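What follows is a single structure, written as C-alpha cells, with notes after it.
The values are calculated or read from the model by the stated rules, or taken from the named source; none is laboratory data. Given the structure is predicted, the values throughout are model-derived calculations rather than measurements. Cβ sites come from the backbone with ideal geometry, for glycine too, and all protein chains shown count toward neighbours.
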Amino acid sequence: MRTAWLKIRMGLCVLLLFAAIYALLVVIATFLGGTGSGMMIIYALLAFVMVAIQFFIGPKIVERSMRVRYVSEQEQPELHRMVTELAMKAGIPKPRVGISEISIPNAFAFGTSKKKARVCVTRRLMEMLKRDELEAVLGHELSHIKHQDMVVITALSVIPMICYFIFFSFFWSGIFGGMGGGRGRGGGVSMLAIALIAFVVYFISNLIVLYVSRIREYYADAGSAELTRKPQALASALYKMIYGSAAAKPEKVKKEMESMRAFFAADPVTARRDLKDLSAADLNKDGKIDEYELRAFAERARASRADRIMEIFSTHPNPVSRVKKLGGYL
C-alpha cells in the first residue's frame with residue numbers, strides 16, 4: 001500500500017507538470033493570437049530536442065563526470081553476484097556493473113531504459129560497507145531501474161528549463177518593445193505579463209521536480225526493503241555514506257558533485273548537516289545502525305521544522321524522515 005501511494009503521488013506530479021506547461025503555452029497563444037500558436041509549436045519542438053539530447057548524451061556525461069569503469073565478473077565476482085540476484089528478484093534485465101573512482105562513498109544508477117541501465121558503486125563505498133549493507137544499496141539502485149524513474153526525472157527536468165527559456169525570451173522582448181507580439185507599449189506589456197507568468201510556472205515546476213526526486217528516493221528505499229528484507233542494512237549504509245561524505249572537504253564535494261547530486265543514493269552536498277541529526281540513531285556509537293537502533297530511532301525521531309523547510313529545496317528526503325520510514329518496513 002505504501003509503495004502504491006508513492007507511485008500514485010509520482011504520477012499525479014507528472015500530470016501536474018505537463019498540465020502546467022500546457023497551460024503556459026495556452027496563455028501564450030491567448031495573448032499573442034496566431035503568433036502565439038506558432039510559438040507553441042516552436043517551444044514544443046524545443047522541448048522534444050532538449051529531452052532527446054538529455055537521453056542520448058546524458059549517460060556519457062555521467063560516465064565521464066563520475067569516472068566510471070565497467071568491471072567484469074572475473075574482476076568483481078561478489079559485486080556481480082549481488083546485482084544478478086537482485087535483478088532476478090526485481091524482474092529486470094541485469095544492468096551493466098561499474099565502479100566509480102570518485103572520492104566519496106556512494107552509488108547511482110542511470111540509463112535510458114531497463115535494458116540499457118547501468119548501476120555503479122564508488123570504490124570508497126565498497127571499502128566501507130558490509131555485504132548486507134552493500135546489497136541493500138544495490139537494491140535501492142536497482143529499484144530505480146525497475147521503477148524507470150530515471151527516465152521520468154530526466155524528462156520532467158526539461159519542463160522548468162523550458163519555462164525559464166520562455167521567461168527569459170519574453171522578458172527581453174517586452175523590454176525592447178514587444179517584439180513579435182504587437183506594436184508599441186501594448187505589445188511590450190503583454191510580453192512582460194507572459195514573462196511573469198512563465199517565471200512563476202518555472203519556480204513552481206522546479207519545486208515539483210524536486211518533490212518527485214524525493215518521492216523516487218522513498219520509492220527506491222521501499223523497493224530495497226522489499227528485495228532484501230533488511231531495511232536496517234539500508235539505514236546503516238545511508239548513515240555510513242553520509243558519514244563518509246561529511247568527512248570529505250566540503251569545497252571538493254560541492255565542486256565535484258553539485259551537478260550530479262540527484263543521481264546519488266545519499267546527497268553528499270548536505271552530508272555535514274545531515275550527520276548531526278542522523279548520528280542520534282547510532283546508540284552505541286559503533287558506526288552502524290542495527291535493527292534495534294532503527295526501531296528505537298523510528299519511534300522517537302522527528303525532523304525539525306527548519307529541516308522540513310530546507311527539504312523543499314532538496315533533491316533528497318531529509319535523512320531523519322528517510323530512516324524513520326525505513327523503520328516502518330521492519
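Would a scan of the stretch 187-201 turn up a residue that is crowded, with 22+ Cβ neighbours inside 10 Å, part of a loop (DSSP other than H, G, I, E, B) and modelled with pLDDT of 90 or more? Steps first, answer last, please.
The first filter runs over the stretch 187-201 and keeps only residues crowded, with 22+ Cβ neighbours inside 10 Å, leaving 191, 194, 198, 201.
In the following step, the residues that additionally are part of a loop (DSSP other than H, G, I, E, B) were identified as none.
No.
Hey, does the stretch 73-80 have a residue that's surrounded by 19 or more Cβ atoms within 10 Å (Cβ to Cβ), touching a helix residue (DSSP H, G or I) at 6+ places or on another chain (Cβ under 8 Å), under 30 Å from SER245 (Cα atoms) and hydrophobic (A, V, I, L, M, F, W, C)?
Filtering the stretch 73-80 down to residues surrounded by 19 or more Cβ atoms within 10 Å (Cβ to Cβ) leaves 79.
Now drop any that are not touching a helix residue (DSSP H, G or I) at 6+ places or on another chain (Cβ under 8 Å), which leaves 79.
Subsequent filtering for residues that are under 30 Å from SER245 (Cα atoms) retains 79.
Filter once more, so that each one left must be hydrophobic (A, V, I, L, M, F, W, C): 79.
Yes, the stretch 73-80 contains a residue that is surrounded by 19 or more Cβ atoms within 10 Å (Cβ to Cβ), touching a helix residue (DSSP H, G or I) at 6+ places or on another chain (Cβ under 8 Å), under 30 Å from SER245 (Cα atoms) and hydrophobic (A, V, I, L, M, F, W, C).
Output the number of residues of the stretch 197-247 satisfying the condition of being basic (Lys, Arg) and within 17 Å of ARG261 (Cβ to Cβ). First the steps, then the outcome.
In the first step, residues of the stretch 197-247 are kept if they are basic (Lys, Arg); the result is 214, 216, 229-230, 240.
Checking which are within 17 Å of ARG261 (Cβ to Cβ) leaves us with 214, 216.
Total meeting the criteria: 2.
Can you tell me which residue in the stretch 59-72 is surrounded by the most Cβ atoms within 10 Å (Cβ to Cβ), limited to those that are among the hydroxyl-bearing types (Ser, Thr, Tyr) and more than 27 Å from TYR243 (Cβ to Cβ)? If you could, list the steps in order and put the result at the bottom.
Within the stretch 59-72, the subset among the hydroxyl-bearing types (Ser, Thr, Tyr) is 65, 70, 72.
Right, trim to more than 27 Å from TYR243 (Cβ to Cβ) and you get 70, 72.
Values: TYR70: 12, SER72: 9.
For the stretch 59-72, the residue satisfying everything is TYR70.
LEU156 fails exactly one of the following numbered conditions: (1) more than 13 Å from the chain's Cα centre (by Cα); (2) crowded, with 18+ Cβ neighbours inside 10 Å; (3) not charged (D, E, K, R). What is the number of that condition?
In the conditions (1) more than 13 Å from the chain's Cα centre (by Cα); (2) crowded, with 18+ Cβ neighbours inside 10 Å; (3) not charged (D, E, K, R), LEU156 misses (1) alone.
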